[in-house]
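Report on the structure given below.
Values in this text are rule-based calculations from the coordinates and carry no lab data. Note that the coordinates shown come from a computational prediction; the quantities given were computed from them, not determined experimentally. Because the Cβ atoms are built from the backbone with ideal geometry, glycine has one as well, and the counts that use them run over all protein chains shown.
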Amino acid sequence: MRPKNPFNPTAPIDPEYFAGRHHEIEIILRALNQTRHGSQQNVLVTGERGIGKSSLALLARYIAQEPRGDWQTDCKFATGYYTLDDKDTVGDCCQGAIEQLNRTIRPSLTDRFFEKIRQLDCSIKLNFWFGSTEIEPRGKVRSDTDAAKIRKDFVKILEALWDELKGSGYNGILIVLDELNKIKTKENLGAFFKKVSESLVSDGYRKTMILAVGLPWLEQKIAEDDLSAVRVFEHVALDPMRPSESQEVVDKALAGTGVSISDDARARLVDWAGGYPYFLQQMCFDSFEADTDQLIDVADVNSGVSRSLTQFDRMFFGRVLREVEGKNYQKIIEALAPEDSGMPVGVLQRESGVKGVGQYLPKLLKDGVITSPKKVSTNWHPRRLLYTSSWSSAWASSAKKRAWTPTLAPRRLGRPYFPPNAFNGASHPTGPG
Ligand SMILES: Nc1ncnc2c1ncn2[C@@H]1O[C@H](COP(=O)(O)OP(=O)(O)OP(=O)(O)O)[C@@H](O)[C@H]1O
Ligand SMILES: [Mg+2]
């Protein structure tokens, strides 16, 4: 029978297959443990698209949910994992987080709790089931309520929940807010996090941890919103994986499948993925499919990866152009695409022929289509994905000097670039020259 393909490029990784990221996991374990012992610690996870943020957040939730021998933890947290919708407000986040939390703890809640919630008269509406009656219908979070009230109500509900949960064997609450980069423009995230975190602590509710997740520019946004809000979080910036971590991804997935991989095939996959787990998963998935004799060798990889290329085309280069509506956005991406090291704004304006190019950059940046890096990797990677390792210092440097770089920079649009010898003469695109 055909074994199940253990690779999954289309979704965050299941905690069972999670590999690498040992340093980052350490930080999360410490934060969970501190919170569990009554010393609240929040974490902000940032990184480029597909770098593994949600996978790490899901692992954090998994560890938080129950004592895990592998990790030597004894957490039993009530968890709520809310993924933002486009243009969510802070109020929507509060509502979403509470609803998700509610899903996991509903059986632990008593009549007394519901009565208390009824009396609180909150702007955040609860969708709890009480007997057979829903207390409040799910409604759009009030755009008419002010942010200060929503924050206050969010804290009130969290506190009421904790009063209820602490007697039922729980030892903490974890709230994950994923894709926080989708927050509506002008919402003050910094003030929100600072206020929520400080209110909980000052009220003596120190066992609630927030794990905020999003694209690299979030850190700067939070800092710009409220300078001291950065201190609310321990920051985990996800970089590309080291080769040993990528190897671990491959080995962990294959373990127990009855399928093995030759050393040179694995080295090739690891090298081509350049530390980006999404690319690794896609190429491994296709190589696994190409294999017919339970040993993935170089020929399987070459044949599999040719399918991956089509997928990369579709996923990224096609999407990037489709998504950035309007000719000017397209011209900007096209001007940036052949550049290794990005361009200062002035050059970009000349090359793209787009007047007032600066006005288009924030949206491209927000969508994760371009980066504004200080340091640009010049290594050749399959799709030559350029990564900024220190976004905040790049931002801090003079705006004039900023080099805007496409997050995904194919040498020719529509074709990822592979080094000339990548396929040993196989009929695949081989990049320029
Ligand atoms: N530690 C890991 N071990 C194995 N695979 C991983 C790991 N981290 C990420 N992946 C894989 O990489 C891909 C992208 O992961 P994930 O969705 O977590 O990234 P992301 O940063 O949240 O992306 P996005 O910005 O699009 O939300 C997925 O296919 C996932 O399976
Ligand atoms: Mg994600």
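Taking 31 Å as the cut-off for C-alpha to C-alpha distance, list the pairs among Lys182/Lys207; Lys125/Lys186; Lys252/Lys363; Lys87/Lys355; Lys149/Lys355; Lys76/Lys125 that go past it. As for pairs spanning more than 31 Å Cα to Cα, those are Lys252/Lys363; Lys149/Lys355. Computed from phi, the 3J(HN,Hα) profile of segment 250-260 under the Karplus parametrisation 6.51, -1.76, 1.60 (θ = phi - 60°) reads 5, 5, 5, 5, 7, 3, x, 8, x, 10, 10 Hz, with x in place of Gly and Pro.
As a ratio to 2.2 N^0.38 Å, the alpha-carbon radius of gyration for segment 243-321 is 1.06. When only Cα pairs under 8 Å and 6 or more residues apart are kept, what is the percent relative contact order across segment 21-237? Once normalised by length, the contact order is 33 percent.
Sorting Asp88, Asp263 by the number of Cβ atoms found within 10 Å of their own Cβ, with the fewest placed first, yields Asp263, Asp88. Under a 5 Å amide H cut-off, with hydrogens placed 1.01 Å from N, Val176 pairs with Gly80, Tyr81, Tyr82, Leu211 among residues at least 5 apart or on other chains.
Rounded to a whole number of µm²/s, how large is the Stokes-Einstein D of segment 21-237 at 20 °C and 1.002 mPa s, given Rh as the Kirkwood radius over C-alpha pairs? Calculated translational D: 123 µm²/s.
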